[in-house]
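Asker: Take a look at the following structure, please.
The values are calculated or read from the model by the stated rules, or taken from the named source; none is laboratory data. Predicted model, so just to flag it, every value in this text is computed and none were measured. Positions of Cβ are backbone-derived with ideal geometry, glycine not excepted, and every protein chain shown enters the neighbour counts.
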Amino acid sequence: MIEPAQGFRGHKKISIATLLLAALLSILSARVSVSAAQPAAQPAAQPAPASPGWEFEDEAEREPGWREIASAQALDLGLFAAFGVLAMVSFFRKSVALKHVTFVAAVVYLGFAKSQLISIVNIFALVDWSLPIFKYSLAWYLLATFTLVSTVLWGRLYCGRVCSFGALTQLLDAVIPAKWRYDVPLRIERRASLIKYAVLGGAILYFVVTRDRMIYRYIEPFWMFSFHGSAVMWTGLAVLLVATVFVRNLYCRFLCPVGAALGLLSNLTVFRIKRWKECNTCKLCEKTCQWGAIVGPKIIKSECVRCDDCERLYMDQKKCPHWIIIKRRSDFTARPSAAPTT
């Protein structure tokens with residue numbers, strides 16, 4: 001009887017263990033089935049790394065103020081102001097020596113040192129309304145303002161005294177013997193002077209259609225001051241300068257589109273060159289003018305560059321018929337009358 005009692009107790013222990021094991025397995029299988037039914041969980045976002053320090057505004061990115069911008073351009077502004085004073089003093093003094101000093105300064109400073117000239121490219125920018133940013137181009141705007149104001153007041157003063165290329169050709173004219181010169185007949189000169197207006201109109205039309213500014217390299221020699229020309233361009237420039245030896249101011253008179261634009265503007269000139277009544281018959285100034293801007297008593301404003309040649313003749317009381325006639329009348333009036341006979 002003892003053995004059956006012990007067997008029953010062992011069987012009871014085995015049954016309880018079996019039940020516990022089965023319950024545990026069912027729980028685990030339920031969890032596995034739930035996990036398989038749900039989509040995989042997205043990985044948790046990583047926290048952003050902490051900033052290594054305080055976030056201050058970068059000094060290099062701060063836009064400079066007007067004082068800093070003007071200070072950086074102060075030297076250019078001062079040098080051009082000095083050049084402008086020199087040009088105007090030489091103009092009002094009608095001094096040949098001062099004019100030649102101005103030419104040298106224009107070639108050295110505005111030409112080779114700065115390569116800063118009024119160009120057809122600036123006319124393109126005006127057409128396209130894409131002018132340089134004012135505060136970063138103060139010296140250029142000073143030059144442009146000087147050019148426009150002086151043209152309205154006195155005519156093509158820029159062409160005759162400021163433009164570096166024009167100054168260079170006029171310096172050549174001062175040293176080349178006059179016997180080498182070829183004087184273009186007046187009837188041909190009148191027609192040839194219209195070529196520059198065709199160049200101006202053609203260049204603007206080309207730019208409007210293509211938006212290509214690089215056309216300037218083939219219609220302006222101003223790139224020579226920055227030495228950016230190709231072999232073909234340098235060859236063309238050499239031919240132009242050689243031709244200028246024989247036909248004075250060839251490019252400025254017949255081909256320059258900037259000269260054409262300023263010529264149109266010069267029709268508004270306020271202070272024009274005075275003319276005497278003797279100019280109706282005198283041909284002295286017409287023969288002296290190297291720009292072909294005088295025809296009889298008339299000065300063609302669009303061609304005149306205020307070179308001073310005729311104005312110096314006006315003031316020469318030994319050459320100008322106006323003063324000679326006045327002096328003769330004065331001498332005749334001052335002459336004592338003959339004593340009456342008795």
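Asker: Exactly one condition in (1) farther than 22 Å from F225 by Cα; (2) without any contact (Cβ under 8 Å) to a residue 24 or more places away in the chain is not met by M214; state its number.
Answerer: All conditions pass for M214, except number (1).
Asker: Return the residue satisfying two criteria in turn: it lies in region 203-235 and is of a type in the set (G, A, S) and either over 17 Å from L126 (Cβ atoms) or not assigned by TED's automatic domain parsing to the domain that holds C252 (or both), and of such residues it is surrounded by the fewest Cβ atoms within 10 Å (Cβ to Cβ).
Answerer: Across region 203-235, the extreme among qualifying residues is A231.
Asker: Check Y141, Y109 and return the single one that is in the same structural domain as N249 (by TED's automatic domain parsing) and in contact with a Pro (Cβ under 8 Å, 6 or more places away or on another chain).
Answerer: None of the other options fit; the residue is Y141.
Asker: Same structure, new question: Could you say whether any residue in region 90-100 is in a helix (DSSP H, G or I), among the small types (G, A, S) and either modelled with pLDDT of 95 or more or under 23 Å from C304 (Cα atoms) (or both)?
Answerer: Yes, region 90-100 has at least one match.
Asker: Considering only residues that are of a type in the set (K, R) and not in a helix (DSSP H, G or I), which ones fall in region 273-311?
Answerer: Result: K274, R275, K283, K298, K301, R306.
Asker: I've got another one for you. Checking the condition buried (at least 18 other Cβ atoms within 10 Å of the Cβ), over 19 Å from K99 (Cβ atoms), modelled with pLDDT of 90 or more and not aromatic (F, W, Y), which residue from A243, A238, A293, A260 passes?
Answerer: It is A260.
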